[in-house]
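Scroll down for the structure; my scribbles are underneath it.
The values are calculated or read from the model by the stated rules, or taken from the named source; none is laboratory data. Values in this document were obtained by computation on a predicted structure and should not be read as measured data. Glycine gets a Cβ as well: all are built from the backbone with ideal geometry, and neighbour counts include every protein chain shown.
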Amino acid sequence: MGAQETPRAVVGAPARTRRPASAANGKLTVAVTGPTGQIGRPFMAALERTPQVERVIGMARRPFDPTRHGWKKVEYRQGDILDLDALDALIAGADVVVQTGPTGS
Ligand SMILES: NC(=O)c1ccc[n+]([C@@H]2O[C@H](COP(=O)([O-])OP(=O)(O)OC[C@H]3O[C@@H](n4cnc5c(N)ncnc54)[C@H](OP(=O)(O)O)[C@@H]3O)[C@@H](O)[C@H]2O)c1
């Protein structure tokens, strides 16, 4: 994928992660786009219930409070996936990146 292209769908290990997959305890950090959407919310809830997942970082544009859903592993960042700096910051240190947000046309 070229630097100018918008990612359509990403499920897998990010190419620019700064550390190898999995934390020392073997549990995963998962970065998720579109965490507040129809697909994203139940997916986040599933990650919250998954013992192998230690930390979840979600990013979308509008304000959102994960604690209102009782989610304890989830950190939320406001950002636009078209902002490559925000996207880089989201995936830095993640073991897995899941794109549930807009896929473009
Ligand atoms: N729901 C379905 O049944 C279904 C079926 C087939 C395919 N899809 C596809 O799956 C994707 C997600 O569907 P959905 O129903 O969950 O959509 P949705 O309910 O509209 O949720 C979209 C999510 O993406 C975020 N988002 C949108 N634009 C963004 C941007 N530029 N930067 C960062 N976050 C952004 C939204 O939050 P903010 O608006 O706050 O940014 C929200 O969290 C879409 O591409 C859709 O076409 C959905």
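At-a-glance table
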quantity: Every residue from the range 75-90 that is in contact with a Pro (Cβ under 8 Å, 6 or more places away or on another chain) and away from the ligand (no atom under 13 Å from the Cβ); calculated: GLU75
quantity: Matching option when the condition is at pLDDT below 95 and in contact with a helix residue (DSSP H, G or I) (Cβ under 8 Å, 6 or more places away or on another chain), among GLY93, GLY101; calculated: GLY101
quantity: Within the range 26-44, tally of residues that are farther than 22 Å from LEU82 by Cβ and within 13 Å of the ligand (Cβ to nearest atom); calculated: 1
quantity: Residue that is of a type in the set (Val, Ile, Thr), within 13 Å of the ligand (Cβ to nearest atom) and closer than 13 Å to VAL30 by Cβ, where the choices are THR100, THR50; calculated: THR100
quantity: Close pairs from the range 58-78: first closer than 18 Å to ALA92 by Cβ and without any contact (Cβ under 8 Å) to a residue 60 or more places away in the chain, partner of a type in the set (D, E, K, R) and near the ligand (Cβ under 8 Å from one of its atoms), Cβ under 8 Å, at least 6 apart; calculated: GLN78/ARG61; GLN78/ARG62
quantity: Residue check, PRO66 modelled with pLDDT of 95 or more and either closer than 18 Å to ARG49 by Cα or within 9 Å of the ligand (Cβ to nearest atom) (or both); calculated: yes
